[in-house]
């Protein structure tokens, strides 16, 4: 397993995502209410919570895919509500998203998928476009012959890697990962965690990772935020969450599966 | 703002000494300045002479994978020209990045080039083979369908009545308004043109014979079949195709359910029942349209219209149209299901198969109608 030193929480560190008092709901139902969250530059934040508590909703609200009813979201120091469309486009090329199902464009090969954002935003020569796409594909651990395959010809793990390569296409500052290890076998999941940690160090990424994978939380996450009842129940390094006396967190981190992960990971 | 961006643009300062050339890199070597990064790298490569080259990163403010890749590529190219090059003063982060992207040649995927003539011949050959496969596939599918229907007859509990009724609503009931509308209008148009031609011979009342026979034998059924192919055939292909894409068909199979029995048989049964009904409704609507037009343009009163119609049209005229209807339904249903089952992973493939389902169905409906016309003429029915 990877040996990571958890950086201490420093309130003076640069905040790249600042969510304040956000409220999101659909119809009569309110999912997030008065939620605050900070994500610091260069950290891997693990975001946990029971199913249906709104982890994906928060991610989608930050990405602007779900409208919020109240509150502010600042990404890289810019309030998302105050951006003009062109500023918004500039901001959007600074984040990359790995969707849970990959969301690769089914009609394009892996290489073309990676090249979509590059073609859209960068002015590259054909040679460089090809080389960079191949570089990203190799960086995420795919074999070069996967480059010309269509998404329907890939296995689940390969789809995740290809989608990660696309998320990294523009060298983003922030990467959102929605359950990156779900659907992978434990070895594949472990490799994927390591890959995320390596890329995070190499590229200086800030990673916002929604996950249920306790191994991921133990091995790669610098900080963990737990969502419940529409709010952040607790946040901090894993030790802080282990000490929490919230019933859900206690059963989450002290259940049978958690003890196994702790024994192997920490 | 503009000035600060200028200051951040990548620049190169070349310094020469007796034994080495130093390229001092300044600014942001990132993808935002991709073009500049590439041209500067080419410049650096051109500056190199016999001397060893040092790429000094001390003043690089930002480096991303693109910058690192281009720089390492330049270093590598200088190496292959027997001019060594090295990085100097890279920060630890930059060094990690440079190590990670370390230049390696990517193999060009071999591109197959053939002459246009050969390509054309290959295309023709493939489409002929494809048509043959379609025919064989269609017949095989008809066999599977019939055996599924027989199993249903033998085990009536496996008959999915609810699904058939639901499909019947989608295919027939909801299709009635549009079919009535277009049939009525086509009836009007044919009657009007007929009157314009027949009036020159003083034979206006014969327009009733014209529209009666034309509509009942051919037009109503053709209109209905084309409309159903466009409306229901396409929906049918899209439904089955997207179920195929999401592995729903496989899910049915592993549960021991036969997709033909569950999905396709109810739809084709509904088509077999619904299309003749729609064709009948279409005939009535077209005849009404023709009758109204004949009254307005040709002074053929409804009484005269009905009595002439009775004289002109026999039971056989009506039956010729109706006998053909189930065959059209079968052709549309089989083509739509085969195309749906042929959908593979991508959204593009779904679109292609829906299009080809509609095009093939309409084509086959018209071909079949021609064959029937020859057949009925031969047996003088």
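Give me Rg/Rg_expected for the protein assembly as shown, where Rg uses Cα atoms only and Rg_expected = 2.2 N^0.38 Å with N residues.
1.34
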Percent of beta bridges antiparallel (DSSP, chain B, rounded to nearest 5): 30
DSSP beta bridges in the range A:86-234 [antiparallel fraction, %, rounded to 5]: 25
Estimated translational D of the range A:76-227 in µm²/s (Stokes, Kirkwood radius over Cα pairs; 20 °C; 1.002 mPa s): 134
Burial order of peptide ranges A:82-93, B:259-270 (average beta-carbon count within 10 Å, highest first): B:259-270, A:82-93
Average Cα contact separation per residue, the range A:129-232, under 8 Å, 6 or more apart, as relative contact order %: 23
Computed helical MRE - 222 nm, the protein assembly as shown, DSSP H runs ≥ 4 contributing -39500 (n - 2.57), nearest 500: -18000 deg cm²/dmol
Per-residue mean of C-beta atoms belonging to partner chains within 10 Å, peptide A:120-127: 4
Beta bridges per DSSP with both ends in the range B:1-84, % antiparallel, nearest 5: 40
Principal-axis tilt of helix B:347-378 within chain B, Cα atoms, nearest 10 degrees: 30
Cα→Cβ-extended label distance, 7 Å offset, between residue B:18 and residue A:254, nm: 7.5
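Expressed as cubic angstrom per residue, what is the convex hull volume of the alpha carbon set of the range B:192-272?
So the per-residue Cα hull volume is 78 Å³.
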Burial ordering of B:103, B:173, fewest other beta-carbon atoms within 10 Å first: B:173, B:103
Distribution of pairwise C-alpha distances over the range A:140-266, 10 Å bins, in %: 11, 40, 32, 14, 3, 0
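Taking each pair of different alpha-carbon atoms in the range B:143-291 once, compute 1/r for the pair, average those values, and report the inverse of that mean as the Kirkwood hydrodynamic radius in Å to one decimal.
The answer is 17.4 Å.
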Where labels lie 7 Å past Cα in the beta-carbon direction, separation of residue B:246 and residue B:319 in nm: 4.7
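Can you check how the C-alpha radius of gyration of chain B compares to 2.2 N^0.38 Å, as a plain ratio?
That works out to 1.71 for chain B.
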Rg/Rh (Cα only; Kirkwood hydrodynamic radius) as it applies to the range B:15-80: 0.96
Where only C-alpha atoms are counted, convex hull volume of the range B:328-381 per residue in Å³: 54
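From the C-alpha gyration tensor of the range A:1-132, pull out the three semi-axes of the equivalent ellipsoid (sqrt of 5λ each), sorted largest to smallest, in whole Å.
Value: 29, 20, 18 Å, ordered largest first.
Quantify how much of the Cα-Cα distance distribution of chain A extends past 31 Å, in percent.
25
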Between helix B:34-47 and chain B: long-axis angle, C-alpha atoms, 0 to 90°, nearest 10: 40
Likely footprinting exposure, A:149, A:160, fewest C-beta neighbours within 10 Å first: A:149, A:160
Two-site label geometry, residue B:154 and residue B:43: point separation in nm, points 7 Å out along Cα→Cβ: 8.3
Size-normalised alpha-carbon gyration radius of the range B:231-339, reference 2.2 N^0.38 Å: 1.57
Order of B:188, A:221 - criterion: other Cβ atoms within 10 Å of each residue's Cβ, fewest first: B:188, A:221
Between the range B:145-216 and the range B:267-329, the alpha-carbon center distance in angstrom: 8
Cα Rg, Dmax, the range B:55-108, angstrom units: 11.2, 35
Calculated FRET efficiency for the pair residue A:116/residue A:187, C-beta based, R₀ 30 Å, to 0.05: 0.50
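Bear in mind these aren't lab numbers, they're just calculated from the coordinates by the rules spelled out. What you see is a predicted model, and the numbers here were worked out from it, not measured in a lab. Cβ: placed from backbone, ideal geometry, glycine included. Neighbour counts: every protein chain shown.
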